[in-house]
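Trainee: Below is one structure. I have some questions about it.
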Amino acid sequence: LYVEHPLGAGQSVPLDRDQAHYLFGVMRLTVGAQVALFNGQDGEWTCDVAEAGKRAGLLTCVEQAKPLQTPPDLWLMFAPIKKARTDFIVEKATEMGAAKILPVQTEFTNSERIRQDRLQAHAVEAAEQCGGTYVPEVQELQKLARVLDHWPQDRQLMFCDEAEVGNALALAADTHRSAPWAILIGPEGGFSDGERKRLHGFAQSHVVSLGPRILRADTAAVAALTLWQTALGD
Ligand code: SAM
């Protein structure tokens, strides 16, 4: 269970109404039961239920079950698509170990707004579900051009472009540890000529193909992250 509270030996962790309802109403846990907690910072802790109420509860941390597993410094940048498929991308990116998720607005972005809080909650749920101890930060929607204007010099960019032939696996395998990286996936309508030109001329950009067929943006995000995960192994 994810909590926004420090975790450590002997630490008491208060539960809010939803958490109490889930643990004591839905899961039927009682005082003395053990619960695994994580907060994205202190790893996973085994905690005892000290108080179990309908609207609140208290847990006590006993021992650390897993240290914090910080993923490699990889950002996933993608242009939001329809709601359910954007949710899917955030969920899969969390499972696949993206360190940060950056929704970007491109010229042909289908969706001009996102609910950052909802997407962040999806990342929390995905981390809970996959036994992760780290939750990637989901940023607010930003214009791609602005992100590129402020791009950190040392971060490399894997620009996924269906019009290209660069080998994505070779790129991931050869260079993954040499620098922090970002993956960029475009919207359903692809990138504009202007964006493509800028991205091709961008010093840190490495243009790659994900195969001969045009993938849906959500498939492309999973495919690119899979290559990266395969190369990194963590
Ligand atoms: N521009 C295309 C069109 O309208 O025909 C389609 C864009 S595709 C649905 C969405 C995004 O997925 C692309 O911008 C690209 O980043 C990525 N993508 C899809 N297939 C790809 C492939 N074979 N190689 C590399 N990237 C791909």
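Trainee: Could you list, in sequence order, the residues of the stretch 28-43 that are surrounded by 12 or more Cβ atoms within 10 Å (Cβ to Cβ) and of a type outside the set (D, E, K, R)?
Mentor: Residues satisfying the conditions are LEU29, VAL31, ALA33, GLN34, VAL35, ALA36, LEU37, PHE38, ASN39, GLY40, GLN41, GLY43.
Trainee: Could you please tell me which pairs satisfy a Cβ distance under 9 Å, a separation of 6+ or placement on different chains, a first residue in the stretch 154-169 that is within 19 Å of ASP193 (Cβ to Cβ) and at pLDDT below 85, and a second residue that is of a type in the set (Lys, Arg) and within 8 Å of the ligand (Cβ to nearest atom)?
Mentor: none
To keep it simple, each residue is scored yes or no on (1) within 25 Å of LEU68 (Cα to Cα); (2) surrounded by fewer than 19 Cβ atoms within 10 Å (Cβ to Cβ); (3) under 27 Å from the mean Cα position of the chain (by Cα).
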| position | (1), (2), (3) |
| --- | --- |
| TYR2 | yes, yes, yes |
| GLY8 | yes, yes, yes |
| LEU15 | yes, no, yes |
| GLY25 | no, yes, no |
| VAL49 | yes, no, no |
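Trainee: Given the residues LEU59, LEU29, which is the only one that is assigned to a loop (DSSP other than H, G, I, E, B), more than 29 Å from GLU195 (Cα to Cα) and of a type in the set (A, V, I, L, M, F, W, C)?
Mentor: Going through LEU59, LEU29 in turn, the sole match is LEU29.
Trainee: Here's a follow-up. Just to be sure, is GLN156 of a type outside the set (Ser, Thr, Tyr), farther than 27 Å from ALA84 by Cα and under 19 Å from the mean Cα position of the chain (by Cα)?
Mentor: Criteria met by GLN156.
One line per residue, one yes/no per condition, for (1) closer than 19 Å to LYS100 by Cβ; (2) away from the ligand (no atom under 14 Å from the Cβ); (3) surrounded by 13 or more Cβ atoms within 10 Å (Cβ to Cβ):
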site	(1), (2), (3)
PRO187	no, no, yes
LYS197	no, yes, no
GLN204	yes, yes, yes
ALA224	yes, no, yes
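Trainee: Using the structure shown, decide if LEU23 is among the hydrophobic types (A, V, I, L, M, F, W, C), not in a strand (DSSP E or B) and not assigned by TED's automatic domain parsing to the domain that holds PRO136. Before you say what the answer is, go through the steps one by one.
Mentor: Numbers: among the hydrophobic types (A, V, I, L, M, F, W, C): yes; not in a strand (DSSP E or B): yes; not assigned by TED's automatic domain parsing to the domain that holds PRO136: yes.
Judged against the criteria, LEU23 is a match.
The values are calculated or read from the model by the stated rules, or taken from the named source; none is laboratory data. Given the structure is predicted, the values throughout are model-derived calculations rather than measurements. Methodologically, a virtual Cβ is constructed for each residue, glycine included, from the backbone with ideal geometry; neighbour enumeration extends over all protein chains shown.
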